[in-house]
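K.L.:
There's a structure below that I have some questions on.
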Amino acid sequence: MENSIAWIFIFPLFGSVACAILGISNRKICYPIAVLSMAGSLWAGIETLRQVLSVNDHTVSYLFGGWTLDAYPRGVGIEFHADILGILITLVVLGVGLLVSLYSKLPVEEETPGKEPLFYTLFLLQVTGLAGICLTGDAFNLYVLIEVAALTGYGLIAIGSNRAAAATFNYLILGTIGASLYLLGVGYIYIKTGTLNMVGIHDIIVAEGLADSATMQVAFVLVGVGILIKMAFFPFHAWLPNAYSNAPTTTSCLLAPVVTKVMIYVMIRMVLSVFGVEFSFESTLWTDVLPWLVVVAIVCAAVMALAQREIKRMLSYLIVAEVGYMVGGVWIYNYYGLIGSIFHVISDACMTLCLFLGAGLILRKAKTTHFDGLRGLFTKMPLTMTGFFIGGFSIIGLPPTCGFFSKWYLITGGMVSQRWEYMIVLMFSTMVMVVLFFRMIERIHLAVSESGENLGHGHGDLGLTDQQTRFDEGPLSMLIPLLLASAVVLVVGIYNQEVVSLIEVFLSDFNLPRGEGIK
Amino acid sequence: MKLLSYIPVLVVGVLLLYAAKDFPEWGSPDAPASKSPVSSHFIANTGVDTEVPNMVTAVLADYRGFDTMFETVVVFIAGMAVLAILKNSGRKKLVKREFEVDAEPDLIVTNTVRLLVPVIQIFAFYVLAHGHVSPGGGFQGGVLMGASFILVALSWDLETALIRFPLNWTTILGGLGIFLYAGIGLLSMFLGGEFLDYSELANIFPVSREMARYHAMLGVEIGVGLTVTAIMFSLYANLSTEGRLQRGL
Amino acid sequence: MFEDGTIINELLIERLNYFIYVVLLLIGLHAMIAKKNLIKKLIGMSIFQTAIILFYVSIGVKEGSTIPVYLPEHDPHGSHSVPSDTNETSHFDHGPVILDSSLVKGYANPLPHVLMLTAIVVGVATLGLALALCQRIYQGYGTIEEDELLAKMESREIRSKTLSVQIPKDQKLPKKDELKKEKSRSVSKSKTLSASKPKPKGKK
Amino acid sequence: MGLALFNTFILLLLVVAALLALRVKDLLTASVVFAVYSFLMCLLWAEMGAVDVAFTEATVGAGISTVVLIATIFNLKRKSSD
């Protein structure tokens, strides 16, 4: 279909308006509206992917308002620019949105009673904003969409408890600094190039040789730092753990997998197609500085995760560590590192979704996400725990989950470009995650006292009471999305070659060093 | 600690001043931003493309109409999020505020406002409708309109204003505004163009393609105005009462 | 490089706008980072954003240009603002024409203005949302000073931790209706906790 | 030259207003000073040819923002520690 790019956001946009208006009289109607519009949007996304793959140069550009490129100069209208990478990430966002909206029925009714219409309005607009960020081809439009996603995020988090409100305030301040720095950076680009269109900016940088211009260098720093703040990279990560661990279940399920990943996608987009490979990697100092920051980031985040005694909080710190992986994969400046980075964006979204959906179910049944409340949950809810562990194994990087393959490419990249510190730190954090998850597995399978002592008596005796082992799964509307998500983790892992070949098609346009040998 | 907070500030400052010496000359027509084809196209061709004399309105509502749609969505989000944050949150009993004055609505104030409000509202309509020719447009008109209701709330009390503009209406109107904006875009998509390609509306209305853009821009601005009016009032109503909607300022 | 007199000279005299925008931006940024009061932080945030807007508007300035609204002689509908003596048809005797490049210099660049309209609206939306958050924080913790807030959150966290450990011990396999009851009970518990707690900070 | 002088004057006043708005301990005063700041900014932009932006800032920045700020401050504490 010709207009399928537009349909991607038309569905959730109209859906959110319908939720807001119709929800006043009947708040039961919001859930079906949300699910339907997410499904429609996902369908449009798949349609667009087919469209992108069928074109020769694998990009589809869509100009709003009919300001076509042949009749008007580039940049007069706003362009949506879908290449393979953009549409892949969009599909991830939409898929996560669909699964979470399916999952959301019970948690939303119970955690925020009476606010369902508002919740679903914000939810759909959040997805609209994130999908728009992935597709837009206009630097200023990107700012507006970032703010759409950010404001809905603040609302979705603060809809819960007072603690969540306090955490959101810090998120808001840091988020505004990040977005404003990005806006300032766009201003610096604009003052030098006179255009806001991403392709146009790249053309002018190449044509006029602006790589050495002080303004462009500063613009690059401002845009980069703005995006790093938004993605909770290490020194700026303070907002993330508080905000995500205090948010309502559905909110954290939606925000945690996609928001940081979408911002990493924006960074890759800025580096590769706006500023250009030569500018970003060769005329700035970032390739020297950032990998070392990444090392610090991963170590700190992993250690902090180790210190947490609560699932959601621990997972939030894991996200910070994963952000470190992906940023590192980009800035080691290597073909394989970049493949790993992009693949990890996709797989990390899937596995984080798995873990947070699982954590939501645990919270519902065990009434707590504290480690001590996990006692013997496996015999009680085996399906939930299987889904949860698949996500966990993927984060550790066990084959055949997708986490293994993306980490493999990251390590290959580190090896080829001889960034040993990056490789070592990847290994270190893998070890930390092994410890984390096996500590949890122990608690989930056995009865372990608070001091960590096994309460069972010998082989085969788990030390659990009958009540604790009675089969008691969560409701199907929450269980099915979790199982679907874990299935996706496995499927993406098994079909990793197909995904990687798509990414390779995208990266073939850019001149990246491949190193020798290994493949 | 106090000193520590100066470090990022200083770093940013040095960075920004470092770039300032590289900027093109102040106010020069030959600066890249001023002589770029995009900017010259806006100045030279707005009249031909859309027949709108105010270039800012044309760029806002037509050339970059997609931005403006999401800008309206941002306003809508703010309204919804404030409702979501404050609804049913607060202390149920009314706590006496630090500086509370219990007074009847003042006679002089209410009578002045009674005279003033219609004038403000007519001016709001003028600003909205005349935005094609003079500075103004949907946002400014909408804010003025919202301000007139806030004025009612300030001079009588919030209940009086809420009788005239109930809170459910603000949600409905806010939604309708976006619906109108995106609906015009969708309609033009169904007529064969891209999303927001207003010129396709000439197929169903008896006007030229340029004038179709002209008139569609008015429709779009009305949508923006509706949303902004509703949300500005809703913001005030919620914030002044901590979401309880009784006893405003 | 800033010791060089000419650069400072240039910054202060010729590019005062750029200089002042940096100063305002830094004032705002510092307030956002260092001020303790949440409302002060928000005022700083607004100053920060308006500084950026000032920068953008400065880009759009052209020496000797007028505002980006067509003068009567370029108006697509003929002379709009100047009433003409001639009859109705004369309104359309010059249709819209493409301006040539010498005339283009006479108008300020409209694009930055449009962008900044959007930025202002985004700014006020953020401000409204943040103020709502402040009220919610005040309801929950009775303060809008950051350090007091952190202290209170910490003490409350310790209390909730001891609570959350106790809950799983008396597990009763909650059924659906029991679940609701438990929820309301825990809500009322927390309420009594917060109500019974004296409010000492108000007097200080 | 006259305009340049006007410009300079307003720019300096802007800095003063910004500093003042952040220094006063009374939040009500601070928000009123902030309204003054917004209005000065609006004057400056009008002078620089950005009439639409100035109009929006006058209604949104000096108008709605201030009203909303004051409405909030009345529900919170009026004194600030810094």
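The values are calculated or read from the model by the stated rules, or taken from the named source; none is laboratory data. This is a predicted model, so every value here is computed, not measured. With ideal geometry, Cβ positions are generated from the backbone for all residues, glycine too; neighbour counts draw on all protein chains shown.
K.L.:
Can you tell me which residue within region C:147-164, out of those that are under 16 Å from A:Y171 (Cβ atoms) and touching a helix residue (DSSP H, G or I) at 6+ places or on another chain (Cβ under 7 Å), is surrounded by the most Cβ atoms within 10 Å (Cβ to Cβ)?
P.N.:
C:L149
K.L.:
Given the criterion touching a helix residue (DSSP H, G or I) at 6+ places or on another chain (Cβ under 6 Å) and at pLDDT 85 or above, identify the matching residue among A:M431, A:M423, A:M415, A:M427.
P.N.:
Step by step, each of A:M431, A:M423, A:M415, A:M427 is checked, and only A:M423 is touching a helix residue (DSSP H, G or I) at 6+ places or on another chain (Cβ under 6 Å) and at pLDDT 85 or above.
K.L.:
I would also like to ask the following. Report, ordered by the first and then the second residue, all pairs with beta carbons closer than 8 Å, sequence separation of six or more or different chains, a first member in region B:156-168 that is closer than 19 Å to A:L118 by Cβ, and a second member that is surrounded by fewer than 16 Cβ atoms within 10 Å (Cβ to Cβ) and at pLDDT 85 or above.
P.N.:
B:N168/A:I24
K.L.:
Part of a helix (DSSP H, G or I), away from chain A (no Cβ under 11 Å) and in contact (Cβ under 8 Å) with a residue 40 or more places away in the chain: does that describe B:V9?
P.N.:
Spelling it out, it is not the case that B:V9 is part of a helix (DSSP H, G or I), away from chain A (no Cβ under 11 Å) and in contact (Cβ under 8 Å) with a residue 40 or more places away in the chain.
K.L.:
Please count how many residues of region B:22-73 are touching a residue at least 60 places away in the same chain (Cβ under 8 Å), more than 7 Å from every other protein chain (Cβ to nearest Cβ) and over 22 Å from B:T229 (Cβ atoms).
P.N.:
Matching residues across region B:22-73 total 4.
K.L.:
Hey, another quick one. Are there any pairs, at least 6 apart or on different chains, whose C-beta atoms fall under 7 Å, with the first in region A:45-74 and under 22 Å from B:Y63 (Cα atoms) and the second among the acidic types (D, E) and in a helix (DSSP H, G or I), and if so, which?
P.N.:
A:G65/B:D62
K.L.:
Quick check, is B:A19 of a type in the set (G, A, S) and more than 7 Å from every other protein chain (Cβ to nearest Cβ)?
P.N.:
no
K.L.:
To continue, here is another question. Could you list, ordered by first residue, the pairs with Cβ atoms under 8 Å in which the first is in region A:273-292 and assigned to a loop (DSSP other than H, G, I, E, B) and the second is surrounded by fewer than 17 Cβ atoms within 10 Å (Cβ to Cβ), at least 6 apart or interchain?
P.N.:
From region A:273-292, the pairs are A:G276/A:V206; A:S283/A:D212.
K.L.:
Just to be sure before I move on: is A:I177 without any contact (Cβ under 8 Å) to a residue 24 or more places away in the chain and assigned to a helix (DSSP H, G or I) in the structure I sent?
P.N.:
no
K.L.:
Considering region A:371-396 alone, what residues qualify as being in contact with a Ser or Thr (Cβ under 6 Å, 6 or more places away or on another chain) and modelled with pLDDT of 85 or more?
P.N.:
Result: A:G387, A:I390, A:F393, A:S394.
K.L.:
From the list C:A195, C:A108, exactly one residue is in contact with a Pro (Cβ under 8 Å, 6 or more places away or on another chain) and either away from chain A (no Cβ under 11 Å) or modelled with pLDDT of 50 or more (or both). Which is it?
P.N.:
C:A108
K.L.:
To continue, here is another question. How about region A:76-115: which of its residues are under 23 Å from A:M270 (Cβ atoms) and either touching an Asp or Glu at 6+ places or on another chain (Cβ under 8 Å) or hydroxyl-bearing (S, T, Y) (or both)?
P.N.:
If the condition is that a residue be under 23 Å from A:M270 (Cβ atoms) and either touching an Asp or Glu at 6+ places or on another chain (Cβ under 8 Å) or hydroxyl-bearing (S, T, Y) (or both), then A:I78, A:E79, A:T90 are the ones that fit.
K.L.:
Now for a different question. Can you tell me which residue among A:T215, A:T193 is under 30 Å from B:H41 (Cβ atoms), surrounded by fewer than 24 Cβ atoms within 10 Å (Cβ to Cβ) and at the interface with another protein chain (Cβ under 7 Å from one of its Cβ atoms)?
P.N.:
A:T215
K.L.:
Still on this structure: Quick one: is A:I441 β-branched (V, I, T) and modelled with pLDDT under 85?
P.N.:
yes
K.L.:
Could you say whether any residue in region D:38-57 is acidic (D, E) and touching a strand residue (DSSP E or B) at 6+ places or on another chain (Cβ under 7 Å)?
P.N.:
no
K.L.:
When you go through (1) crowded, with 24+ Cβ neighbours inside 10 Å; (2) at pLDDT 90 or above; (3) within 8 Å of chain B (Cβ to nearest Cβ) one by one for A:V221, which number turns out not to apply?
P.N.:
(1)
K.L.:
For region A:36-52, give me the residue count where each residue is within 27 Å of A:G114 (Cα to Cα) and surrounded by fewer than 19 Cβ atoms within 10 Å (Cβ to Cβ).
P.N.:
Going through region A:36-52 one residue at a time, the tally reaches 2.
K.L.:
Continuing with the same structure: Restricting to helices (runs of 4 or more DSSP H) lying wholly in region A:365-433: which have 3 or more residues that are surrounded by fewer than 20 Cβ atoms within 10 Å (Cβ to Cβ)?
P.N.:
Helices (runs of 4 or more DSSP H) meeting the threshold: A:382-396, A:402-416.
K.L.:
Taking the condition modelled with pLDDT of 90 or more and hydrophobic (A, V, I, L, M, F, W, C), does B:F165 pass?
P.N.:
Spelling it out, it is not the case that B:F165 is modelled with pLDDT of 90 or more and hydrophobic (A, V, I, L, M, F, W, C).
K.L.:
Can you work out which of the residues in region B:94-120 that are at pLDDT below 60 and charged (D, E, K, R) is surrounded by the fewest Cβ atoms within 10 Å (Cβ to Cβ)?
P.N.:
B:K96
K.L.:
Continuing with the same structure: From D:A30, D:A4, D:A71, grab the single residue that is free of Cβ contacts under 8 Å to residues at least 60 places away in the same chain and under 10 Å from the mean Cα position of the chain (by Cα).
P.N.:
Criteria check complete, one pass: D:A30.
K.L.:
Of (1) at pLDDT 90 or above; (2) of a type in the set (S, T, Y); (3) over 18 Å from the mean Cα position of the chain (by Cα), B:T68 satisfies all except one. Which?
P.N.:
Every listed condition holds for B:T68 apart from (3).
K.L.:
Please list, ordered by residue number, the helices (runs of 4 or more DSSP H) wholly in chain D having 3 or more residues that are among the small types (G, A, S), under 30 Å from B:G137 (Cα atoms) and within 14 Å of chain B (Cβ to nearest Cβ).
P.N.:
Correct list: D:27-47.
K.L.:
If you check C:K36 against the conditions, is it surrounded by 24 or more Cβ atoms within 10 Å (Cβ to Cβ) and of a type in the set (K, R)?
P.N.:
no
K.L.:
Right, something else. Collect the residues in region A:230-240 that are surrounded by fewer than 24 Cβ atoms within 10 Å (Cβ to Cβ) and not small (G, A, S), keeping them in residue-number order.
P.N.:
Within region A:230-240, A:F234, A:P235, A:F236, A:W239 meet the criteria.
K.L.:
Now a separate question. Scan region A:25-64 for residues that are in a strand (DSSP E or B) and of a type in the set (S, T, N, Q) and jot them down.
P.N.:
A:T59, A:S61
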